[in-house]
Amino acid sequence: MTKLKVTENGPYLLSEVDSITRMSDGKSYEVSGNVALCRCGGSKNKPFCDGTHAKNNFNGDKDPNRVPDAREDYAAAGITIHDNRGICAHAGKCTDGLPVVFRLRKEPFVDPEAASPDDIANTIKQCPSGALSYSIDGEEYAVRGGDPVVAFAPNGPYVVRGGATLDGADLLEGATTDH
């Protein structure tokens with residue numbers, strides 16, 4: 001199983017993975033052993049860590065002004081949408097995929113009655129961070145399974161799917177090890 005360790009004020013250490021993929025073009029990079037992934041944003045060899053975090057005094061502490069870790073539920077006939085903005089990677093899969101339900105710059109952010117439960121569920125399945133999940137008849141659907149995949153956006157977030165052990169960080173409310 002893929003392992004991801006969050007180091008204090010340093011990189012993510014990734015192990016037991018064969019490749020990582022750039023999301024923008026699907027290019028795959030073969031890796032072996034332990035791989036250090038940049039967290040500070042300063043590496044000249046992104047997504048790989050080049051040690052810059054030590055030079056730029058990177059601080060990996062969570063920003064006290066970040067979006068809070070709190071899950072909100074939005075119920076409609078046939079589906080309940082669970083949303084934790086504190087986990088969101090802002091990839092836009094929801095707002096681009098179903099903007100009548102996931103509404104930018106509107107409150108509430110979610111309108112669970114604006115589309116069919118099937119359309120909502122299919123859009124939520126595209127969420128790379130796990131911020132969104134859903135329940136039907138009281139049964140929650142969050143873990144998507146599949147083969148391990150590690151992907152990255154240039155200067156952006158990492159996506160880990162297919163199950164991974166996480167060391168050095170707590171899972172936030174509603175999060176799964178599948179993201």
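The values are calculated or read from the model by the stated rules, or taken from the named source; none is laboratory data. Quantities reported herein were computed from a predicted structural model and do not represent experimental measurements. Backbone-built Cβ (ideal geometry, glycine too); neighbour counts: all protein chains shown.
Before moving on, here are some points about what is shown:
- Condition check for Asp83: in contact (Cβ under 8 Å) with a residue 12 or more places away in the chain and surrounded by fewer than 18 Cβ atoms within 10 Å (Cβ to Cβ): no
- From the options Ala70, Ala77, Ala54, Ala115, residue that is surrounded by fewer than 16 Cβ atoms within 10 Å (Cβ to Cβ), modelled with pLDDT of 95 or more and either farther than 23 Å from Phe152 by Cα or touching a strand residue (DSSP E or B) at 6+ places or on another chain (Cβ under 9 Å) (or both): Ala77
- Pairs with Cβ under 8 Å, 6+ apart, first in segment 41-67 and farther than 21 Å from Val160 by Cα, second among the acidic types (Asp, Glu): Lys44/Asp50
- The single condition among (1) part of a strand (DSSP E or B); (2) within 21 Å of Leu132 (Cα to Cα) that Asp69 does not satisfy is (1).
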